[in-house]
Amino acid sequence: MKGVDDAFLGVGDKPGLDIWCIMGSNLVAIEKSMHGKFYTGNTYIILSTVELKSGIRQHNVHYWVGEEAKEEDCLVASDKAVELDAALGSNTVQYRETQGEESDKFLSYFKPCIIPIQGSLPSPMRISGDKSNQTTMFRCEGEHVARVTEVPFSRSSLDHKAVFIVDTQSKIFLFSGCNSSLQTRAKALDVVKHLKENRHCGRCEIATIEDGKLVGDSDAGDFWNLFGGYAPIPRDVQDTVMTELMTTSSKKLFWINKRNLVPVETHLLEREMLTSDRNYILDCGTEVFLWMGMTTLVSERRTAITALEDYVRCEGRQSSARSVILTEGHETVEFKMHFQHWPKNAVPKLYEAGREKVAAIFKHQGYDVTEIPEDKPRHIISCNGSLKVWLVDSGSVTLLCTEEQEQLYNGDCYIIHYSYIEDGKDYHLFFAWSGQNSVNEYRVAAAALMLSMADSVKGHAVVAQVFEGKEPEMFFLVFKSLIVFKGGRSMAYTNFVFQRSDINGWYQKDGVALFRVQGLKHDCIRAIQVDLAASSLNSSHCYILQAGGSFLTWLGSLSSPSDHSLLDRMMDKLCPLKQSLLVREGSEPDRFWEALGGRSEYSKEKHVKDWPADPHLYTCHFEQGLFKAKEVFSFSQDDLATEEILILDCVQELYIWVGLHSGVLSKEQALDIGKMFLQAGIHQDGRRSNEMTMYIVTEGDEPKFFTSFFNWDYSKQAMLGNSFERKLAILKGSQKLETPKKSIRKSSSSLPRRPPGISSEPTTPEQRAAARSFSSASTGNWKLARERSPAALSPASTPSPSPRSRSSSTSSPSWNSTPSTVARRLFPPSLHASPEAVATGTPRRR
């Protein structure tokens, strides 16, 4: 390829890492056994290739600059990164990584850590000296990735906010600053394990020292003797540079005219400001983005990268600001979030669109075509459990009989309880289902009642809030067959309809109705009543038309034989002992169109299943009262720290995982945190609607449909203690395999001991009141009614409150408060960062 280094030809075809070192004007490939070993005097180019579930390969290019690297090598690296981007079709994201300020994504490639080596890359004939007899000292920061920096072996290197490792000939000491988090301490143990295995061949002692503890600790005495005796550590100094960057809210946008930066005057950033024939710099304080238009030339992009480096250098922010280089059409979520509105990219790539059209043509001609390759089968849930369904109505719930529990109405709310046995354990899955036309008060009530039921069962309980039209596959699996009618049986919906004198579309046994029939590969069928109009039809589906006492089944021209077999099964459910008239698309009788109100246009394109989504994991916290979420890259089970609450984003559904020691008091709090995640726009496709499925999974109650996203080790699930204590027990080979209590609500005595300045329980009257409000909301004043007969479901059986509003999303009183007030209601003080902690990433020392 013209203008591309020969070293880049053919790379990126396989998942994994490719690394090159800049040696003059040449690239030297680094063998895999040396990956993660970076020399401070060199500059490297790293290519990360990941194959997504869709089959598309995702490329990220990083160029790492050592603190002693030559300026010429840095310029060569930036040029080579542009060449590599061109060789890969100009669809990469490029990151400039500075030693000591690497991005979390970059560090996640090299677990447990990278420890830069002093000097330059030696020649093949040169053998580095043995450092096993030297005493070295490392500073460790980071909760999900370890940021390890070698520091001078001196008492002055110690502080209160980090964790330090002192590696001697016979013993490794781990010193935990009093303001370091438990997660940071646990992550530092991974580094200790790495040093023990690689520098000591697994033969050395490990000692842990806590800042401020001296009495009765022989290890602490040995540790301080290394420094000539104990002396107090000075108070931590606030990082003023980082504080200024973190508190700066203004964003600066420039477009690049050759190497000159032209400011773009604006108060709000809009996508329309970026044109495809220009390159732009967006300065967001801690990050500086370079956006390159799709039609810009390679030479223009090289000039733009030089302008970016000049800008960062002139600002004096080479080490404090991270540079990210993007190409139009491949923007990251972090970049899009800085814009007021960013349109969803709904246009498929050219080859994807062409493939789908060809598949539809062959399908239309009767060929069996698989548009999307089947994903590897993932364990969903056992289909041999028992099902119970309650209707939420007038301050109580009514248990439906077996014949009616597979018939839901879109004007009502229901609680579904599915219990099953898996690996000899009892599991309970609860759904709070809200119909599209349900009353808002009943949506809130359904969620509260569901949480109360879940707290009362024995075994492992998982709760989920789902909305009509956005149900996950698992929701339909527990039903086997399901019919969703228009209308409602609750008093609230009945009163609402009669007040408006609007019963159009309400299902009646002798009326006219249209049902779309669909099925899943797990032998599960459903029929959804749709609007009675020809526009509701789709050539990809099959339909049942009820016209008074007669029935017609309509086969779409693009539907499959398996879809046709579902119609007979659904007819037996919907209208037993009734015969239907089979109608194929294109040969409909006049009475078919008359029942639908006449002919009209409808979708005749093949409905293609979406590509399976790649999950992303986020950790949640608050900064100055504002909700923040940070992605955890290359995640594993070890990232589920018991002190945290994490969100697994699977695009169509969210899993909110709650650690037993996170301080979250109820499942209702966890649901509210999920809503805040959606409203913050962090979700992968940028949606801000609350109407998507959210599962609440408590530590220790994880079902297989959650653990299947991880390489799960069940022995870790049974350990006691906080994150640090658990990892230390594994490292020393003395883990306690006892089962912890599976409950979100915990007393203060059962929570792990935290460092000074970190509180695990509400202490002020306001905090206790907020906790009580959440606790009372989950139990509520709602009473559970005993099982009633079907006759009890008559609208006239019980009085009903007048519905005040109808909304597409569940609301909560907490949303009327300020962000800081909401934050303090949702999280204990331990998860709130002080102004100093915002800058340093750690709590303030008292």
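Filter region 386-424 down to the residues that are out of contact with any strand residue (DSSP E or B) (no Cβ under 6 Å at 6 or more places or on another chain) and either assigned to a strand (DSSP E or B) or farther than 19 Å from Glu468 by Cα (or both) and list them by number.
Those that are out of contact with any strand residue (DSSP E or B) (no Cβ under 6 Å at 6 or more places or on another chain) and either assigned to a strand (DSSP E or B) or farther than 19 Å from Glu468 by Cα (or both): Asp393, Ser394, Gly395, Cys401, Thr402, Glu403, Ile421, Glu422, Asp423, Gly424.
For the condition more than 15 Å from the chain's Cα centre (by Cα) and basic (Lys, Arg), what is the one hit in Lys630, Lys704?
Lys704
From the list Ser715, Ser666, which one is modelled with pLDDT of 75 or more, of a type outside the set (A, V, I, L, M) and buried (at least 17 other Cβ atoms within 10 Å of the Cβ)?
Result: Ser666 is the single residue among Ser715, Ser666 that is modelled with pLDDT of 75 or more, of a type outside the set (A, V, I, L, M) and buried (at least 17 other Cβ atoms within 10 Å of the Cβ).
Given the criteria farther than 22 Å from Glu702 by Cβ and either within 24 Å of the chain's Cα centre (by Cα) or modelled with pLDDT under 95 (or both), does Gln465 qualify?
Criteria not met by Gln465.
Among the numbered criteria (1) in contact (Cβ under 8 Å) with a residue 24 or more places away in the chain; (2) within 30 Å of the chain's Cα centre (by Cα); (3) not in a loop (DSSP other than H, G, I, E, B), which single criterion is violated by Ser90?
Unmet for Ser90, out of (1) in contact (Cβ under 8 Å) with a residue 24 or more places away in the chain; (2) within 30 Å of the chain's Cα centre (by Cα); (3) not in a loop (DSSP other than H, G, I, E, B): (3).
Within region 595-614, identify whether any single residue is under 30 Å from Leu182 (Cβ atoms) and open to solvent by less than 60 Å² (accessible area, probe 1.4 Å), and answer yes or no.
The answer is yes; a qualifying residue exists.
Is it the case that region 674-687 has a residue that's touching a residue at least 12 places away in the same chain (Cβ under 8 Å), open to solvent by less than 10 Å² (accessible area, probe 1.4 Å) and more than 25 Å from Phe339 (Cβ to Cβ)?
The answer is no; no qualifying residue exists.
Gln529 passes all but one of (1) in a strand (DSSP E or B); (2) within 30 Å of Ser382 (Cα to Cα); (3) in contact with a Ser or Thr (Cβ under 8 Å, 6 or more places away or on another chain); (4) not β-branched (Val, Ile, Thr); which number fails?
(3)
Of the numbered conditions (1) over 29 Å from the mean Cα position of the chain (by Cα); (2) surrounded by fewer than 22 Cβ atoms within 10 Å (Cβ to Cβ); (3) over 23 Å from Lys37 (Cβ atoms), Gln183 satisfies every one except a single condition; which is it?
All conditions pass for Gln183, except number (1).
Would you confirm, using the coordinates I've provided, whether Ile45 is open to solvent by less than 60 Å² (accessible area, probe 1.4 Å) and assigned to a loop (DSSP other than H, G, I, E, B)?
In short, no.
For residues in region 689-700 being assigned to a loop (DSSP other than H, G, I, E, B) and either open to solvent by less than 10 Å² (accessible area, probe 1.4 Å) or not charged (D, E, K, R) (or both), which is modelled with the highest pLDDT?
The qualifying residue modelled with the highest pLDDT is Gly700.
Which ones in region 408-429 are open to solvent by 10 Å² or more (accessible area, probe 1.4 Å) and within 14 Å of Thr398 (Cβ to Cβ)?
Tyr409, His417 - these are the residues of region 408-429 that are open to solvent by 10 Å² or more (accessible area, probe 1.4 Å) and within 14 Å of Thr398 (Cβ to Cβ).
Of all residues being of a type in the set (S, T, N, Q) and outside any loop (DSSP other than H, G, I, E, B) in region 587-630, which is modelled with the lowest pLDDT? Just the residue, please.
Ranking the candidates gives Ser603 first.
Which ones in region 50-90 are open to solvent by 40 Å² or more (accessible area, probe 1.4 Å), under 17 Å from Lys105 (Cβ atoms) and in contact with a Gly (Cβ under 8 Å, 6 or more places away or on another chain)?
Residue satisfying the conditions is Arg57 alone.
Please work out which residue is nearest to Ser634 (Cα to Cα), limiting yourself to region 32-42 and to residues that are in contact with a strand residue (DSSP E or B) (Cβ under 9 Å, 6 or more places away or on another chain) and open to solvent by 30 Å² or more (accessible area, probe 1.4 Å).
Per the stated criteria, the residue is His35.
Is there a residue in region 177-196 that is modelled with pLDDT of 85 or more, basic (Lys, Arg) and farther than 20 Å from Cys140 by Cβ?
No, because not a single residue in region 177-196 is modelled with pLDDT of 85 or more, basic (Lys, Arg) and farther than 20 Å from Cys140 by Cβ.
Pick from region 556-568 the residues that are open to solvent by less than 30 Å² (accessible area, probe 1.4 Å) and assigned to a loop (DSSP other than H, G, I, E, B): which of them is farthest from Ser603 (Cα to Cα)?
Ser560
Out of region 525-555, which residues are open to solvent by less than 10 Å² (accessible area, probe 1.4 Å) and out of contact with any strand residue (DSSP E or B) (no Cβ under 6 Å at 6 or more places or on another chain)?
Those that are open to solvent by less than 10 Å² (accessible area, probe 1.4 Å) and out of contact with any strand residue (DSSP E or B) (no Cβ under 6 Å at 6 or more places or on another chain): Ala534, Leu537, Ser539, Ser540.
The values are calculated or read from the model by the stated rules, or taken from the named source; none is laboratory data. Computed from a prediction, not measured in an experiment: that's the story for all the values here. We place every Cβ from the backbone using ideal geometry, glycine too, and count neighbours over all the protein chains shown. For accessibility, only protein heavy atoms count, side chains too; no ligands or nucleic acids. Shrake-Rupley method; radii C 1.70, N 1.55, O 1.52, S 1.80 Å.
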